Structures are given as structure tokens and as C-alpha cells.
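Novice: Let me begin by handing over the structure; questions about it come next.
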């Protein structure tokens, strides 16, 4: 397989783009570095495209390696023929490769292998010749193979053994498997039945049937989870008569042969006992893997939007971790993320110390100048929200708002080794309150401390094997897109930096603690485990806000400093002009000279020059500032207050295949089904909505008893 041509065709890129990008990857460059600092080489491919190219490159190389491995294994048995080699070359999927290898794969003891050991392969070959006529009847022909020493005592036993050999050969023939697999995908249905008594989240699948061709991926994931938990019995149903007829049409080559009745029985046995059970397992595995890949894409996009949400800068936040019996834990965090004070209050049952709790919260607001209260959305969240909106905010001496923050993963972080290292004197719930506050101030910096699959913006994420790898790439892309403050970043954040290993990240923090703040990017080279290659990969993503070299607080890579300085000199700007934001006209001036002319003059590529201009105009800028700001509230609604037709503003919390969940301020997220997202047809919710979007929705229906809210945006000009 020509991997470059395959990637070019599949990704619809130019061949020179693919060749150059693969070369950069093979040189050990990271995806963020290639995306940001090698645009001239790749033709400005973005990180998502590069990540797809990298994943596909890895798959194709593994595919080629497996093809060669199978070829070598068959050759080792002296059975490799030109026909098999050609079939291996034609194969385009791992399933096709494994089908070709199946007849040669070492097998456990089977009925066919026992029959072969008894010397019955010759009889099987004779039957499969399907002659117009034989010299004798099959029982008479089989009599020649009777051998009591080999435990073949009768002609009937000999014929049964020969049939077992033929049945296994049919079941391992690649062309037959390919045909039946295609038939299954066209005609087969998934049937699910209730497996044990009692209600469950899978009640909708207790009597369910749908064709594979129409089965949505989120249903596949739900069915697999329900089966795994014992609530569902799942079967693949294919018209047996149709499948056997299709198989017979290929196996039986001479309808006039006396072998046809015996072959027909053998084909039926092969299908029922070997082929269909094997294909059922394979196909269910394939549709599950495909559903996982689809879910991973949705999860990745949700995670990207969550991590790139606008930080709440310049605000002192009171983190509020709700609870009942153990109380509600509070943590005041200043504008830089420093913890100023922790406390515990009991405004909920069983203690319900409303007045005392109100006094403590109001005193914290007054003493530390709290601007926003971040309430975790877990246990006792609704009661806490009512307490804050009804008792605290109306009595505060300053303008205070609140926001409900997803606390998914907060408990994971709080109980982790990392949480204990960061706050050794805090208990688990205090750490959780700090995490809730900080994830509002800077979602990216706080959420990188949590395993991505625990962040709670996916569907059935704990069933997916490749999830961590995929989400790790998303986190890496986001961290590098934003950049990292070298003097404040945690080890967790630094570990996602291009070229920086977890060990090197810890070394940066240790060096900073021992030697004080970094004053230049180049100082990173003094940190153990960071050499020239690592520095090349990470340098452009490091930020030092008060460095002597102004470019150290921009996304300009050190290798382009000479170009940036020459550009400033060309238009008579100083470093102070950059610091004071006096370069508003720089792009206009460059365009007036001509970007192409300026590139030739400065000896650089156009993408690099345009990036340098953008960085010089806004040094230290945060790309997340353009994202929707968190929606802050001052009052609370109860689900009983909702009426059909009511219009509310909400925040998209999660996007799934079937719709989006929207926080409308009633503790229970409403479901905006994909069919209700706008007046036109929407194939997938991600086409129109992203996690973090602030949108207007209308109440379609409310089920107070089941705590379900259905939303719509139809007829709202969307």
C-alpha cells in the first residue's frame, strides 16, 4: 500500500502536503508545534486535520505491518501462493486481512481437526469435487476410510467427519464471510429483550428491534451497556433461509452432482454452528467500535469547547461544594487562584442552620470582596442554589452573582495524589470546593488535573478503550493553543505542553521553586530533561508576562525573533510600543507595503509573518477571550415554575448524538432534541451547538414527576 497516496485520497489533501507533514512527524515534532510553527511546510493544516492525519498514518502503518506479518506466517507454513499474496495486497481493512489468514491460523482442537487427524480430508476433497457422477454411492466411497484404529468405525462416521472438514473450510473462506457480512449489514436487525425484572435506564430496549443499517450509534452504546449490566439480552437476527441460500449459491457449483444433498446439509451446519455465531460476534464488535469512534469524536469536540471556554478573569470566586449530612464546603479563591479561606456551613437538612450559614457566607463576601459564587451541581446543589439566591445575594453588600458549575471529576481530583500534593492540609471536600472555584476562573488550567473521561461531557465514555488517547490529544491541542504562563502553571498543565514530558514538567516546577521565577524562555534549557529538541517544541507556547524580552510573552517562536525585530524596526516601533499596545496599524502598514514584498524582504513565509503581526498587536492575548462568557445568575427557578411556551436563557452543558443538555437554571438540565434545534433539518447536534454556548430556548414540555424538561428552538429564528 502506498500510504502517502492513501492519506492524500482519504483526507483530500495535496500529496506534497501529506509528504511534508509525515516527514515532520517522523522527525519527532509534535502536532501543536507543526500546526503553529510549520505552516509554510504543511500548507497551514490545522491541529484537527493534523491529528486525523497522524491517527490515520498510525493505523495504515500498523495495517501494513500486520499484512506483512500474515504473509510471513503463511509463508512459514509453505502455503503462500500468488493468489493469497494478491488477496493480501487487495485488502483494505483489518477484517479482510484476518479473514484471509483465518484458514491458516493455528486452531484449538475442533471437530474438523479431529477428522483431519483421522485421515478423512481425502473424502472431504472428493465430495467437494462435485462430479456429475461418482463410481459408487457416498456410503460406499466412505467405506474405504473406515479404520477402527483411528476411531472411524462406520461409513456414516467417515461421512460425518468429512462434512465437519467441509463445514470448517466454508466458515473460514474469506469470500463467503465477506458476502455474509455484507448481507448482515444490509438485512440483519438487532433485537433486544428484557433480561431481568425491574425498571432500569434501559426500559426503552426491553422489546426493541431495528435494522443494523438504521441503528444509531448512541443506541449501540446503550444496548451494549444494558447487556453488560445484565438488563438486556441482545441477538443479531438475519433471515436464515436467505443467508443459507446465498451461501449455497456460492459453495455448490454443480447442481446436478449427487453430492448436492450432502453439501446442502453441510452448508446449513456450517452456517448455524460456525459462520453465523462468528459473524454475530464480529459484527457486534465492529458496530460497537464504530459507535465508540463516533462517540469519541463527539466527546473530543465537547471537551475542546469546554476547555476553550472563556475564563472568568479578574474575579474573586467563592467555590461552593454542596452537601447534606457533612455540610457545604466553601473556599474563597482570589483573582490569581490563590486560596484565601475555607469554611463549612450547614444550610441544608438535617441541620438546616440557615441564619448561621448566611452569616458566614456574607462575612466571606464582605471580607474578601467575592464577586461570584460557583456552586457545584452535585448532591444538594438545588437546595444550595435556593439558599444562595434567596438568603445570601439579596442581603450582600455588593453585587454578587452565582453560577452552577459542573463538578464532574472534582471528587476524582480531590482524592487523587495530585490533589493531596497541591493541598496537603485540606480534606477531600475542601479541595473539591477549590477546584469548583478555579474551574470557573480558568477551566483549562483546572480541568487538565482530571482524567479527561471523568469530566462528564460525553456518552458511555467508560466503555471506550481508545478514549484516553484521543482526549489526551485534545487537551494537548487546547493547552498549546492558549499557551502556558511559565511562572504560574501547574505541573499538570505543563505536562501537556508540546515537547514536555511529565518528568520535565515536574522539573520545571521544582526549578521555579528553587531558583525563583523564570525571566526568559531560554532559562528553560537549564531545567533537567529539557534539551534543544524539547525547547524547540515548547518555546513558542511558553509565556513570561514581565520578561525583559517582550517577545517572550507572545506566540512568536524564538526562531522567528529576528524576523519580528526586523519587522518592528522596518516600521519604527519599539518594545515599549508593543507593551503599550500601540501597534494597531501594523497590519495595515504591512499590507500597504505588500505582504508578499515584506516576506521577501524579511525572508519568511506569509503565514509566519501574519502570525507575528497578530501576536505583536496583542502580546499576552488569550484566544479564549472571544468565547461566550459564563452565564451568571442572581435568582433561581423551580421546575414547578416552568410553563410550556416559556422562553429562557441557558448554557449548553453537553452535546450527544441525539441532542444537547441545556442548563436553564432549574438544577435539572433540559433536553434539546436534535429535531428541535432549529427549523431546518440537522444531521447532528454539533452542526449548530457546542458545549458552553449561551442560547435562548423555549419550554416544550415539563414532566415534574419524572423531572424531565423538553426544550425547543423551533420558530425562534434559528
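Novice: Show me the helices (runs of 4 or more DSSP H) found entirely inside segment 76-121 where at least 3 residues are under 22 Å from residue 164 (Cβ atoms) and modelled with pLDDT of 95 or more. Steps first, answer last, please.
Specialist: Details: elements: 82-90, 94-101, 111-117.
The qualifying helices (runs of 4 or more DSSP H) are 111-117.
Novice: Anything in segment 510-551 that is in contact with a helix residue (DSSP H, G or I) (Cβ under 6 Å, 6 or more places away or on another chain) and farther than 25 Å from residue 621 by Cβ? List them, or say none.
Specialist: If the condition is that a residue be in contact with a helix residue (DSSP H, G or I) (Cβ under 6 Å, 6 or more places away or on another chain) and farther than 25 Å from residue 621 by Cβ, then 525, 527, 528, 529, 530 are the ones that fit.
Novice: Of all the residues that make up segment 300-310, how many are in contact with a helix residue (DSSP H, G or I) (Cβ under 6 Å, 6 or more places away or on another chain) and either crowded, with 20+ Cβ neighbours inside 10 Å or part of a helix (DSSP H, G or I) (or both)? Let's see the steps before the verdict.
Specialist: Applying the first criterion (in contact with a helix residue (DSSP H, G or I) (Cβ under 6 Å, 6 or more places away or on another chain)) to segment 300-310 yields 300-301, 303-304, 307-310.
Right, trim to either crowded, with 20+ Cβ neighbours inside 10 Å or part of a helix (DSSP H, G or I) (or both) and you get 300-301, 303-304, 307-309.
Counting residues in segment 300-310 that are in contact with a helix residue (DSSP H, G or I) (Cβ under 6 Å, 6 or more places away or on another chain) and either crowded, with 20+ Cβ neighbours inside 10 Å or part of a helix (DSSP H, G or I) (or both) gives 7.
Novice: Could you check how many residues of segment 310-327 are over 26 Å from residue 692 (Cα atoms) and touching a residue at least 40 places away in the same chain (Cβ under 8 Å)?
Specialist: Looking only at segment 310-327, we keep the residues that are over 26 Å from residue 692 (Cα atoms), and these are 324-327.
Retained after the next criterion (residues that are touching a residue at least 40 places away in the same chain (Cβ under 8 Å)): 324, 326.
Adding up the residues that qualify gives 2.
Novice: Of all the residues that make up segment 497-535, how many are surrounded by 13 or more Cβ atoms within 10 Å (Cβ to Cβ) and in contact (Cβ under 8 Å) with a residue 40 or more places away in the chain?
Specialist: Residues in segment 497-535 being surrounded by 13 or more Cβ atoms within 10 Å (Cβ to Cβ) and in contact (Cβ under 8 Å) with a residue 40 or more places away in the chain: 3 in total.
Novice: Restricting to segment 643-682, name every residue that is surrounded by fewer than 16 Cβ atoms within 10 Å (Cβ to Cβ) and not in a loop (DSSP other than H, G, I, E, B).
Specialist: Residues satisfying the conditions are 647, 649, 673, 675.
Novice: Moving on. For segment 536-550, name all the residues that are closer than 20 Å to residue 500 by Cα and in contact with a strand residue (DSSP E or B) (Cβ under 8 Å, 6 or more places away or on another chain). Spell out the reasoning first.
Specialist: Residues of segment 536-550 closer than 20 Å to residue 500 by Cα: 536-544.
Of everything in segment 536-550, those that are closer than 20 Å to residue 500 by Cα and in contact with a strand residue (DSSP E or B) (Cβ under 8 Å, 6 or more places away or on another chain) turn out to be 541, 542, 543, 544.
Novice: Using the structure shown, decide if residue 335 is part of a loop (DSSP other than H, G, I, E, B), out of contact with any helix residue (DSSP H, G or I) (no Cβ under 7 Å at 6 or more places or on another chain), under 30 Å from residue 545 (Cβ atoms) and not assigned by TED's automatic domain parsing to the domain that holds residue 655.
Specialist: Details: part of a loop (DSSP other than H, G, I, E, B): yes; out of contact with any helix residue (DSSP H, G or I) (no Cβ under 7 Å at 6 or more places or on another chain): yes; under 30 Å from residue 545 (Cβ atoms): yes; not assigned by TED's automatic domain parsing to the domain that holds residue 655: yes.
Answer is yes for this residue.
Novice: So, one more: Given the condition in contact (Cβ under 8 Å) with a residue 12 or more places away in the chain, surrounded by 13 or more Cβ atoms within 10 Å (Cβ to Cβ) and touching a strand residue (DSSP E or B) at 6+ places or on another chain (Cβ under 8 Å), answer yes or no: does some residue in segment 155-175 qualify?
Specialist: Looking for residues that are in contact (Cβ under 8 Å) with a residue 12 or more places away in the chain, surrounded by 13 or more Cβ atoms within 10 Å (Cβ to Cβ) and touching a strand residue (DSSP E or B) at 6+ places or on another chain (Cβ under 8 Å), one finds at least one in segment 155-175, hence yes.
Novice: If you don't mind, another one. Against the conditions (1) out of contact with any strand residue (DSSP E or B) (no Cβ under 7 Å at 6 or more places or on another chain); (2) surrounded by 12 or more Cβ atoms within 10 Å (Cβ to Cβ); (3) at pLDDT 95 or above, where does residue 222 fall short? Just the number, please.
Specialist: (3)
Novice: Identify all residues within segment 127-154 that are over 13 Å from residue 115 (Cβ atoms), free of Cβ contacts under 8 Å to residues at least 24 places away in the same chain, in contact with a helix residue (DSSP H, G or I) (Cβ under 7 Å, 6 or more places away or on another chain) and not in a loop (DSSP other than H, G, I, E, B); write none if there are none.
Specialist: Result: 139, 141, 143.
Novice: Please specify each residue of segment 614-632 satisfying the condition of being surrounded by fewer than 20 Cβ atoms within 10 Å (Cβ to Cβ) and farther than 18 Å from residue 478 by Cα. Quick ask: steps written out before the conclusion?
Specialist: Let us first name the residues in segment 614-632 that are surrounded by fewer than 20 Cβ atoms within 10 Å (Cβ to Cβ), namely 614, 617-618, 620-629, 631-632.
Residues satisfying the conditions are 614, 617, 618, 631, 632.
Novice: Quick check on segment 407-421. Is at least one of its residues touching a strand residue (DSSP E or B) at 6+ places or on another chain (Cβ under 6 Å), in contact (Cβ under 8 Å) with a residue 40 or more places away in the chain and under 24 Å from residue 661 (Cβ atoms)? Break it down into steps so the answer makes sense when it comes.
Specialist: Restricting attention to segment 407-421, the residues satisfying the condition of being touching a strand residue (DSSP E or B) at 6+ places or on another chain (Cβ under 6 Å) are 407.
Cutting the leftovers down to in contact (Cβ under 8 Å) with a residue 40 or more places away in the chain gives us 407.
Keeping just the survivors that are under 24 Å from residue 661 (Cβ atoms) gives 407.
Yes, segment 407-421 has at least one match.
The values are calculated or read from the model by the stated rules, or taken from the named source; none is laboratory data. What you see is a predicted model; the values in this text were computed from it and never measured. Heads up, the Cβs are rebuilt from the backbone with ideal geometry, glycines too, and the neighbour counts pull from every protein chain shown.
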